[in-house]
Amino acid sequence: MNYSPDITETSVRTGTIEVQGLNIFYREAGRSGNPKLVLLHGFPASSHQYRNLIPSLADRFHVIAMDYPGFGNSDMPDPAKFPYTFDKTSEVVEDFLRKKNFSRFGLYVQDYGGPVGFRILSRNPEWLEWLIIQNTNAYEVGFTPVWEGFRNALWKKRAPETEKPLMGFLELDAIKSVYLHGHKKPELISPDNWNMDFRYMERPNARTVQMEFFYDYRTNVGLYPEWQEFLRTRQPETILFWGQDDIFFTREGGEAYLKDLPKGELHRLDSGHFAVEDSLDYIAGNIRRFYDEKVAGRKMEAMARTGR
């Protein structure tokens, strides 16, 4: 008997496209006519962190997640020739979205996804339909003590002696701890996460790439007032999921968004940095509900008022 698998609307498809001369890997699912949803990943992960969330949402949304240059399955050009900065990363992601015809979408940002996403929105505010924030920082109060070596050493003076202590974050045990810290049910988190991330970290130049991002993260802090003003002025429909025991970002960092987004909906999760690992059903279910109630519902009300 011959069997040929079918591609359904919830099947996760993978591919690469050329963006600025780089092969950029992505995962995609859902019909093109569905509401579009972009998922931006964090450190030390890749689009792999959304491998379960993508099919969970694909019957309702057209979902896409890509790997940044230097992460996952995307190209990792020589750091001596390519600027591994959040500015450059956001430019590559923006061009990627243009090529994939994503110009009006919901945006899910986590960790590094926040600095990348907020830069894109600052340049293209009309792209944002609604916002999902999950453990990504935009407020000074959001830094845990883990950032001490970054804020008070590396960012003030980049040198071998300030880089060396931070190299520990790129080792297997540290990567594993990022996935497990604050997660009450570690049995729900696949060890494939840290084993795969560490495998990528063992590639030539990979640690140098990550140190470039560690150092460039200082530029995000200077942009916090601009991002806060964007949220305060635009007031996008926003749902927040915040792992309360994140190794990197404090609970107060999640609460701070409500000052600028008083109508935002904050869900405090008994989880950590990668909350989608152990809170998948809760997050996916509330994304669906929030979109139907707040985003689609608002569209219907507007149509009723205008008679269209």
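The values are calculated or read from the model by the stated rules, or taken from the named source; none is laboratory data. Given the structure is predicted, the values throughout are model-derived calculations rather than measurements. Backbone-built Cβ (ideal geometry, glycine too); neighbour counts: all protein chains shown. Quick note on the areas: whole protein, heavy atoms, side chains included, nothing else; ligands and nucleic acids left out. Shrake-Rupley method; radii C 1.70, N 1.55, O 1.52, S 1.80 Å.
Here Phe96 clears all of (1) in contact with a strand residue (DSSP E or B) (Cβ under 6 Å, 6 or more places away or on another chain); (2) not in a helix (DSSP H, G or I) except the condition numbered (2).
Just checking, does the stretch 213-220 include any residue being of a type outside the set (A, V, I, L, M) and surrounded by fewer than 17 Cβ atoms within 10 Å (Cβ to Cβ)? Yes, because at least one residue in the stretch 213-220 is of a type outside the set (A, V, I, L, M) and surrounded by fewer than 17 Cβ atoms within 10 Å (Cβ to Cβ). Just one of the listed residues (Ala159, Ala153, Ala206) is without any contact (Cβ under 8 Å) to a residue 12 or more places away in the chain and of a type in the set (A, V, I, L, M, F, W, C), namely Ala159.
Any residue that is over 28 Å from Thr233 (Cβ atoms), assigned to a helix (DSSP H, G or I) and of a type in the set (Asp, Glu) - is there at least one of those in the stretch 122-132? No, because not a single residue in the stretch 122-132 is over 28 Å from Thr233 (Cβ atoms), assigned to a helix (DSSP H, G or I) and of a type in the set (Asp, Glu).
What about Lys184, is it part of a helix (DSSP H, G or I) and open to solvent by 30 Å² or more (accessible area, probe 1.4 Å)? So Lys184 does not fit the description; no.
Is it fair to say Gly222 is small (Gly, Ala, Ser), outside any helix (DSSP H, G or I) and more than 18 Å from the chain's Cα centre (by Cα)? No. Pairs are defined by a Cβ separation below 8 Å, a sequence spacing of at least 6 or placement on different chains, a first member in the stretch 164-188 that is under 12 Å from Arg207 (Cα atoms), and a second member that is outside any loop (DSSP other than H, G, I, E, B) and of a type in the set (Phe, Trp, Tyr); the pairs so defined are Leu166/Phe150; Leu166/Phe214; Phe169/Phe214; Glu171/Phe198. Filtering the stretch 71-115 to residues that are open to solvent by 50 Å² or more (accessible area, probe 1.4 Å) and under 21 Å from Val178 (Cα atoms) leaves only Asn73.
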